[in-house]
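What follows is a single structure, written as structure tokens, with notes after it.
No value in this document is a laboratory result; all are computed from the given coordinates. Keep in mind it's a predicted model, so treat the numbers as computed, not measured. Cβ placement follows ideal geometry from the backbone for every residue including glycine, while neighbour counts extend to all protein chains displayed.
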Amino acid sequence: MLIAMPDAVDTSPNAPDLPDAAITALTQSKKTLEKLLRLGICTEMDLVLHLPLRYEDETHVFPINNAPEGKAVQIEGVIVHTEVLLKPRRQLVCQVEDGSGSLCMRFLNFYGNQITAYAAGKRVRLFGEIRHGFFGAEMVHPKCRVITQNEPLSDAMTPVYPVTAGLHQQTLSRLINRVLNSPHAPSLLSETLPAGIIQRIRLPGFRESLQTLHHPPPETVAASLQNRTHPAWQRIKFDELLAQQLSMRLHYRQRRSRRAPRLGRHPPLHDAFMAQLPFRLTQAQNRVIAEISHDLDSDHPMQRLLQGDVGSGKTVVAAIAALQAIANGYQAAIMAPTEILAEQHFQKLSAWFAPMQIPVAWLSGSQKKKDRQTALAAIESGTAMLAVGTHALFQDQVNFHRFGLAVIDEQHRFGVHQRLALRMKGMPASAQAPHQLMMSATPIPRTLSMSYLADLDMSVIDELPQGRSPVVTKLVADSRRDEVIERILHVCKQGRQVYWVCPLIEESETLQLQTAMETYETLCKTFSGLRIGLVHGRLAAQEKTGVMTQFKHGDIQLLVATTVIEVGVDVPNASLMVIENAERMGLSQLHQLRGRVGRGADASVCILMYQKPLSEIARKRLRIIFELSDGFEIARQDLHLRGPGEFLGARQSGIPMLRFADLERDGALLTAAQAVADEMLNHYPDRAQQHIHRWLGQKTEYLRV
Ligand code: ADP
Ligand code: MG
């Protein structure tokens, strides 16, 4: 799933990172340099910010017979016996004694020179986990170092760095130290936070924190280093979050500083619209409308993301926003990601706006040339005050007369470039930018939107219209198809309608299409008495619309569909949905699909059919979708299962992900960073720039608008 990415960041191509001069001079070896690059290290700053993955405690030696189990420990002893066993498999086995007991160390993979290095009589220090096997205590593949008697113990925890093949811990450690101790370290690692702020947030200095994390002083509490609660870690995480906040907010401010047409409220038109609506708005809808309305009534462009669960009623909010633009003599455009959805919006909005004599134009990639010309002319002359369509809306031939508001529905499905293109369709003469409202049915957990989407204002509809009955979800193994068939017949007999969603086949669209056709044919045979339709992504737009209209009017009882119906489709009389091979689908997709039913007042059912055996992750997903119906809660679980990178679809967009901060655990730091970011942008803009540069380095290029 892709979410509204901050435009600035996701326009970035995956720029090839190049090592800078300082690091090239530092490493002095082309091979090492290449390996560092593989770790994403191209500057000295990257190097010192390459922080330990974990720490090993080599400050103690445990007696063998009294060493704790279940954690890595250091022991020291003398090898009394070494041999290469051939059974059950080839391995090097050494017996080590320390006076308290004896332990067997095993290497399943080993070099010939280890046999001599670990010969009997050698004194060794081992680091690893002790297990009690059949032959007593043993360590498998411990870290093993031959030492002389009385060699001093390390007095600090040993950092373990993330490495790549062929790059040793020691090499990294040495390079990092060289930077930390270099004469220019004080300027390189200078403090970016003003003293007052440091004092208030009660965290250690930047340079001091790095020093601690790379070389923990002997008295450091080991656990706080490992679980990253140590103040030094907190400082680094805070800085990382702050950099993110600063760049996002800066970017927000830059866009915000542009001019936009001021679109004030127009109560008469608004009231007229409300009077003819067949329902009353929910409190949540009213609240977000007020937020949007307030933004529109400003001469800077709105940049707002409206989140609301499936069925929460975002379309009417968009319509009311459009109305405010229109009331001021400005045009609005509503763009949807699929033809089916765009068409549906067009019908709904035309119906709502017809009584108010507001002409609506329709633009799609597949319409007849003549219709298209007419629509384009109406948009250009300004007779059409609202344009609804697919991405056809932002092609070059589309020229708005006075463009005031762009609404992008299900915006996560559009590419960034498309979103940008629509926004740029401002009015060239006045160099004004249109207001922008993005809508997403994928609720975004709060910490995620506070961090990765901090360059947008948020509105959230957290309430569903009354009179919806919750959808009952059933999990049914594929083997119980017969019961499902029964159920479908029953539902159709009662005059209700059914969706049958075909399996998603990610690897091949052709295969998916084929499966859909086959399913359609099989179901036609099974239900010879029912009126059945088929809709999929490859149908010509007109055919698609035709099928959807028939379904909407009840002429089709059972609609066999691919996941094209996932977004936005609204047919309240459909009360049963069957999803085949539900185990293949992601959580948000399942939630979206399920949202197609339960739109009327009658009880609806969603049957998730699955095929055994289920993978661990599929089992978890099905359990979540079975147990939960709240989109926000499902999104939180989804985030938990997949992590922020996958959840945001960040891989495709090249957005820099957080490396150290964990949004689930570091919520308090995030809140603090948010406040400090504002303060710094207002009062210490130079420091803010310096901080952004330190953390985002070359990436700051993309943060410019
Ligand atoms: P979504 O947020 O998923 O886009 P829609 O805008 O498609 O939801 O709305 C879902 C359905 O609920 C539509 O039929 C819409 O007309 C209806 N609806 C919207 N707001 C309300 C409301 N306040 N009361 C009753 N029905 C509403
Ligand atoms: Mg919608």
Amide H partners (placed H, <5 Å) of Arg402, local residues excluded
Gln331
q = 0.10 Å⁻¹, the stretch 471-628: log10 I(q)/I(0) [Debye, one scatterer per Cα]:
-0.32
For the chain, divide the Cα radius of gyration by the Kirkwood radius and give the resulting Rg/Rh value with two decimals.
1.06
Here the Kirkwood hydrodynamic radius of the stretch 60-153, Cα-based and in Å, equals 13.2 Å
Once Lys and Arg get +1 and Asp and Glu get -1 on their Cβ, which of Thr59, Pro644, Val163 lies farthest toward the positive end of the dipole of the chain?
Pro644
For the stretch 507-545 versus the stretch 123-174, the gap between their alpha-carbon centres in whole angstrom:
61 Å
Span from the the stretch 185-253 Cα centroid across to the the stretch 56-106 one, whole angstrom
39 Å
So the FRET efficiency between His294 and Leu153, C-beta based with R0 = 56 Å and rounded to 0.05, is 0.30
Ranked Tyr520, Tyr684, criterion: other C-beta atoms within 10 Å, fewest first:
Tyr684, Tyr520
Report the Rg/Rh value for the stretch 267-461, based on alpha-carbon coordinates and the Kirkwood definition of Rh.
0.94
Coil-residue GluC sites (Glu not before Pro) of the stretch 48-145, DSSP, other Cβ within 10 Å capped at 12:
Glu69
Show log10 I(q)/I(0) for the stretch 562-674 at q = 0.22 Å⁻¹, two decimals, from a solvent-free Debye sum over equal Cα scatterers.
-1.25
What percent of all Cα-Cα pairs in the stretch 273-325 falls in each 10 Å bin, counting up from 0?
22, 58, 19, 1
Given 20 °C, 1.002 mPa s and a Kirkwood radius over Cα pairs, the Stokes-Einstein diffusion coefficient of the stretch 478-550 in µm²/s is 157 µm²/s
In the stretch 443-538, which GluC sites (Glu not before Pro) are in a loop and have at most 15 other Cβ atoms within 10 Å, using DSSP for the loop call?
Glu463, Glu506, Glu507
Assign unit charges at the C-beta atoms only (+1 for Lys and Arg, -1 for Asp and Glu), then state the dipole size of the chain relative to its Cα centre in Debye, rounded to the nearest 20.
700 debye
Is there a pair in Lys493/Lys552; Lys348/Lys525; Lys314/Lys369; Lys122/Lys143 whose C-alpha atoms are over 24 Å apart, and which pairs would that be?
Lys348/Lys525; Lys314/Lys369
Expressed as a whole-number percentage, the relative contact order of the stretch 47-112 with C-alpha contacts under 8 angstrom and at least six residues apart is 25 percent
Taking the beta-carbon count within 10 Å as an exposure proxy, list Val491, Val407, Val140 from fewest neighbours to most.
Val140, Val491, Val407
Just rank His81, His251, His266, fewest to most, by other beta-carbon atoms within 10 angstrom.
His81, His266, His251
Computed E for His60/His693 - FRET, C-beta separation, R0 60 angstrom, nearest 0.05:
0.90
Work out the charge dipole of the chain with +1 on the Cβ of Lys and Arg and -1 on the Cβ of Asp and Glu about the Cα centre, then indicate which of Ser449, Met335, His132 is farthest towards its positive end.
Met335
Run through the DSSP bridge list for the chain and note the antiparallel percent, rounded to the nearest 5.
35 percent
